[in-house]
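The block underneath contains the structure these notes are about, expressed in C-alpha cells.
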Amino acid sequence: MYAQLVKTAGTGVKTREEMSDEERNFQDRVDRDEKIEPKDWMPDDYRATLIRQIGQHAHSEIVGQLPEGNWITRAPTLERKAILLAKVQDEAGHGLYLYGAAETLGVTRDELTEELLSGRMKYSSIFNYPTLNWADIGAVGWLVDGAAIMNQVPLQRTSYGPYSRAMIRICKEESFHQRQGYDIMMKMAAGNDAQRRMAQDALNRFWYPSLMMFGPSDKDSVHSAQSLAWKIKIDTNDELRQRFVDQTVPQAKYLGLTIPDEHLKWNEDRGAHDFSEPDWTEFFNVIKGKGPCNVERMEARVKAWEDGAWVRDGLMAHARKKTAARTAAE
Amino acid sequence: MAGKTNDDALFQFLLRMGDNSLILGHRVSEWCGLSPVLEEDIALANTALDLIGQTQFWLGLAGEVEGKGRTADDLAFLRDAWDFRNVLMVELPNGDFGQTMMRQFLYDAWSQVMVGRLIKSGDKRIADIAEKASKEVAYHVERSADTVVGLGDGSEESHARMQAAIDYLWPYVGEMFDGDEVDAAMVAAGIAPDPASLREEYDALVNKVLSEATLKVPTDVFHHKGGRTGYMHTEHLGHLLTSMQWLQRAYPGATW
Amino acid sequence: MSKEWPLWEVFIRGQHGLSHRHVGSLHAPDEEMAIKNARDVYTRRNEGVSIWVVEARHIAASSPEEKGPLYEPSNSKVYRHPTFFDIPDDVGHM
Ligand SMILES: [Fe+2]
Ligand SMILES: [Fe+2]
Ligand SMILES: [Fe+2]
C-alpha cells in the first residue's frame, strides 16, 4: 500500500503470559477499540512501527505528487487543469497531515524528510512508474487512488488516535480523487481512436503495479500478525487486493477496456475473481531502486529540498528578528 | 454595447485580463510538488487555482463578446503566441522561489488596484468578475507581500536573492501601466480605467512593502513592452504554449 | 537552535457556530504565517470562518495517569444527563 513492506518491530505477537502488566493493559485497550493517544503508555515497538508506517505513508503522498504533477502544465482544458492541480494539492495536504501525526510520536518532519532523501525510508512502489499519456492521469485516479482508498478506509479505525484522525480527514478528501480519475477514463474511452488507445495503454501499464501496491502476500507473516493485533493494520494484503480486483473488474467493463490478464475470471465457488499475481521480482526491483522512475523521483525531491533551504532559513531568520524586536520593545 | 469598434476594443481588453491570469496561473502551477516546504506548496496551488478560475471568467466573457462561438478553452488552447495579450512579466520563467514570489507580489499589487477600479465598471459583467476576484486578490497580495518582506528582511542570502529578483523584474513592471487606443476606448465607455492612473496607488504599496523588506527599488524608468499589445512577446511564451496546448493541438476536436 | 520551523496546532471554528475545534498541525516561522498557512491548508473546502493557532510547545495537557481522578468522578453524576429522568409521555415535549 502507501506503506508497503513496513517492517514491524519486535519478535511477533506475545502471549498474555509473556506480556508485562503495561503491555497487557495496552493490548486490552486496543482490543476494546479505545484510541491510544500521544501521551499514553505504548510499547516501544508499537511506537517504532507506527513511525515507520506513518512516515512511509506520508512520503508516498509527497512523492506521489510527482507523476501526476507531470501533467499539470499539459492538462487539455482549463477545468481539467484546475481539477488536477487541486487533486495534487490535496496529496500535499495528506502528506502534511500524516507528518503531523508522526510528529506526535517524537520525530520531527525534517528528520523524516532526511530519512526519505537519504533512501533509508521508502515510499510506495507505484510512484516509480511514469505517466506517459493523458489517460495515465485518469488511470492513476481510478486505480491508484482507488487502491489507496481500499486501504485507507479501514485505517480510519486504527488504534492510534492521531493516525486515525488523519485518515478520517484524508478519506473525506479522497472521495473526489478516484471519481475525477474515472471521469477522465470515461471521456477517453468514449473518445476517438487515439483516446481509446491511450486509455487501454494506461490500463495495461498501471494494472499490475496497482496490484503490487498492496504488497506481497502476508497471510503467514508474524510481523503482519503483530500489526493486526495492534490494529495499525486492519486487513491482510490479500484481502485488500481481492476486494480491489472485485471492485475494479466491472468498472473496466463499463469503460469497454480489457484488463491485461487472460486468467482473470469469476469464481462462482469463492464468490470472487481469480486473477494473476503481479511479477514480484519486478516489485522487489522497484523497491530496491530499480523502477523506471526511482532516480528521477528522488532527484526531484532532493532538488526541491536543497533549493528550498535558503527560503526556509530566510523566513525563519525574519521571524527571529521580529520576535527580538518585539521583546526589546516590551 | 455600442458599435463594432467598441466590441473589438472590449475583446482586446478582456484578452489582456484573461491572458495575464492564464499565463501567470500556468507559471505558478509549475511549482506544484516542488516548493521549499509543504505549506508553501499548498498555498501556491491555491493561488494558481484562483488564477485559473479568473481566467475562465475573463476569457469566457471575451469569447462571448467576440461572438464567434469561441469558448475560454478555445481561446486558451488554440491561439498562437502573437494573439496573446498578457504582459511580458507573467510569461518569464519562474526562476528561484524568491523571483517567483517577487513577481507574484508585483502582479498582485497591480491586480489589487486594477480590480478595485473594475468593481465600479460601467459594464456589469466586468464589475461582477472583479467583485469575485477582489477577495482572492486581497489575500494573494497579503501573502506575497509577507513573503517578500520575510525573505527580503531575512538572512543575508535571502536578502541578496530578493534584491536580485526585483532588479531583474523591475524592467517588466512599467508595461502594466502603458496605455493605447484600446484603453482609451475603455475609458471613454466607462468600462475600465486608464492604466497610467493606477500607478500612484501601486507605487505607494510597492514602495511600502519593499522598504519593509529592506530592498532598494530600482530607479530606472526604462521598461520592456510588447506583451499587452501582442507586438513582441519574449521567447519564453512559445515554449509555455507548446506544452500547455499540446493535447488540443495534437488531437483536434477531441473531448477531454 | 533547530532550523526547522516551529510546530503549530490549528483550531478552526466552522460555519455553524460551534466552538473552535482542533483540526491538526502545521509548521510556520511565526504566528502570522501560521494563520495564513492554516487558511491555505485547513480551509480548502471552506470549512472555517475563524482560525486559532498556538505553538505546540505552549499547550499544557493533562497526563493520562490523571484520567481516573479527572474524569471518573463525573461518571457517577448520572443525574446531570437529561435521560436520567423519566417524564411521562402525557407531559409533552420537555
Ligand atoms: Fe492521498
Ligand atoms: Fe488521492
Ligand atoms: Fe494518492
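Observations, loosely collected:
- Condition met for residue A:137 (modelled with pLDDT of 95 or more, more than 15 Å from the chain's Cα centre (by Cα), within 16 Å of ligand 2 (Cβ to nearest atom) and β-branched (Val, Ile, Thr)): yes
- When the residues of the stretch A:84-104 are filtered to those that are in contact with a Pro (Cβ under 8 Å, 6 or more places away or on another chain) and part of a helix (DSSP H, G or I), the one that is farthest from the other protein chains (Cβ to nearest Cβ) is A:101.
- Odd one out for residue A:160, checked against (1) within 11 Å of ligand 1 (Cβ to nearest atom); (2) more than 14 Å from chain B (Cβ to nearest Cβ); (3) in contact with a strand residue (DSSP E or B) (Cβ under 8 Å, 6 or more places away or on another chain): (1)
- Residue A:40 more than 8 Å from every other protein chain (Cβ to nearest Cβ) and in contact with a Gly (Cβ under 9 Å, 6 or more places away or on another chain): no
- Here residue B:207 fulfils each of the conditions (1) surrounded by 18 or more Cβ atoms within 10 Å (Cβ to Cβ); (2) among the polar types (S, T, N, Q); (3) more than 14 Å from every other protein chain (Cβ to nearest Cβ) apart from (1).
- Looking across the stretch A:132-157, just one residue is within 13 Å of ligand 3 (Cβ to nearest atom) and within 13 Å of chain B (Cβ to nearest Cβ), and that is A:137.
- Residue check for residue A:81: more than 14 Å from every other protein chain (Cβ to nearest Cβ), free of Cβ contacts under 8 Å to residues at least 24 places away in the same chain and either surrounded by 16 or more Cβ atoms within 10 Å (Cβ to Cβ) or within 16 Å of ligand 2 (Cβ to nearest atom) (or both): no
- Lone unmet requirement of (1) within 18 Å of the chain's Cα centre (by Cα); (2) more than 12 Å from ligand 3 (Cβ to nearest atom) for residue A:74: (1)
- Qualifying residue in the stretch A:206-220 (condition: within 16 Å of ligand 2 (Cβ to nearest atom), within 18 Å of the chain's Cα centre (by Cα), assigned to a helix (DSSP H, G or I) and more than 27 Å from residue A:285 (Cα to Cα)): no
- Among the residues listed as A:50, A:85, A:117, the single one being touching a strand residue (DSSP E or B) at 6+ places or on another chain (Cβ under 7 Å) and not β-branched (Val, Ile, Thr): A:50
- Near pairs, Cβ below 7 angstrom, 6+ apart or cross-chain, from the stretch B:224-246 (outside any helix (DSSP H, G or I)) to any residue that is of a type in the set (Phe, Trp, Tyr): B:224/B:172; B:230/B:82; B:230/B:84; B:233/B:84; B:245/B:77
- Residue A:116 vs. criteria in a helix (DSSP H, G or I), touching a His at 6+ places or on another chain (Cβ under 6 Å) and within 14 Å of chain B (Cβ to nearest Cβ): yes
- Cβ-Cβ distances below 6 Å connect the following pairs, each with a first residue in the stretch A:216-240 that is within 21 Å of residue A:279 (Cβ to Cβ), a second residue that is of a type in the set (Asp, Glu) and at pLDDT 90 or above, and a separation of six or more residues or different chains: A:217/A:238; A:219/A:238.
- Any hit, the stretch A:94-104, residues being in contact (Cβ under 8 Å) with a residue 24 or more places away in the chain, within 16 Å of ligand 1 (Cβ to nearest atom) and aromatic (Phe, Trp, Tyr): yes
- Residue check for residue B:197: within 12 Å of chain A (Cβ to nearest Cβ), more than 16 Å from the chain's Cα centre (by Cα) and hydroxyl-bearing (Ser, Thr, Tyr): no
- In the stretch A:58-74, the count of residues that are away from every other protein chain (no Cβ under 11 Å) and within 16 Å of ligand 1 (Cβ to nearest atom) is one or more.
- Pair list, Cβ < 8 Å and 6+ apart or interchain, from the stretch A:173-184 residues that are touching a residue at least 60 places away in the same chain (Cβ under 8 Å) and within 13 Å of another protein chain (Cβ to nearest Cβ) to residues that are more than 12 Å from ligand 3 (Cβ to nearest atom) and of a type in the set (Lys, Arg): A:173/C:45; A:184/A:80
- Scan the stretch A:163-206 for residues that are of a type outside the set (Gly, Ala, Ser), away from ligand 3 (no atom under 16 Å from the Cβ) and more than 30 Å from residue A:50 (Cα to Cα) and the total you get is 16.
- Total residues in the stretch A:211-223, condition closer than 30 Å to residue A:259 by Cα and surrounded by 18 or more Cβ atoms within 10 Å (Cβ to Cβ): 6
- Residues that are among the acidic types (Asp, Glu), in contact with a helix residue (DSSP H, G or I) (Cβ under 8 Å, 6 or more places away or on another chain) and not in a loop (DSSP other than H, G, I, E, B) within the stretch C:14-48 comprise C:32, C:40, listed in sequence order.
- Residue in the stretch A:301-317 that is assigned to a loop (DSSP other than H, G, I, E, B), buried (at least 18 other Cβ atoms within 10 Å of the Cβ) and in contact (Cβ under 8 Å) with a residue 40 or more places away in the chain present: no
- Sole exception among (1) under 16 Å from the mean Cα position of the chain (by Cα); (2) at pLDDT below 95; (3) away from ligand 3 (no atom under 14 Å from the Cβ) for residue A:223, by number: (1)
- Check on residue A:200, part of a helix (DSSP H, G or I) and within 12 Å of ligand 2 (Cβ to nearest atom): no
- Within the stretch B:18-35, one or more residues are within 14 Å of chain A (Cβ to nearest Cβ), closer than 19 Å to residue B:147 by Cβ, surrounded by fewer than 21 Cβ atoms within 10 Å (Cβ to Cβ) and of a type in the set (A, V, I, L, M, F, W, C).
- Unmet criterion (only one of (1) within 14 Å of another protein chain (Cβ to nearest Cβ); (2) of a type in the set (D, E, K, R); (3) without any contact (Cβ under 8 Å) to a residue 12 or more places away in the chain) for residue B:143: (3)
- For the stretch B:92-140, a residue qualifies if it is part of a loop (DSSP other than H, G, I, E, B), hydrophobic (A, V, I, L, M, F, W, C) and free of Cβ contacts under 8 Å to residues at least 60 places away in the same chain, and exactly one does: B:119.
- Selected residue (criterion: nearest to ligand 3 (Cβ to nearest atom)) from residues of the stretch A:77-105 that are polar (S, T, N, Q) and closer than 20 Å to residue C:26 by Cβ: A:89
The values are calculated or read from the model by the stated rules, or taken from the named source; none is laboratory data. Keep in mind that this is a model prediction, so the values were computed, not measured. Neighbour counts run over all protein chains shown; Cβ positions are idealised from the backbone, glycine included.
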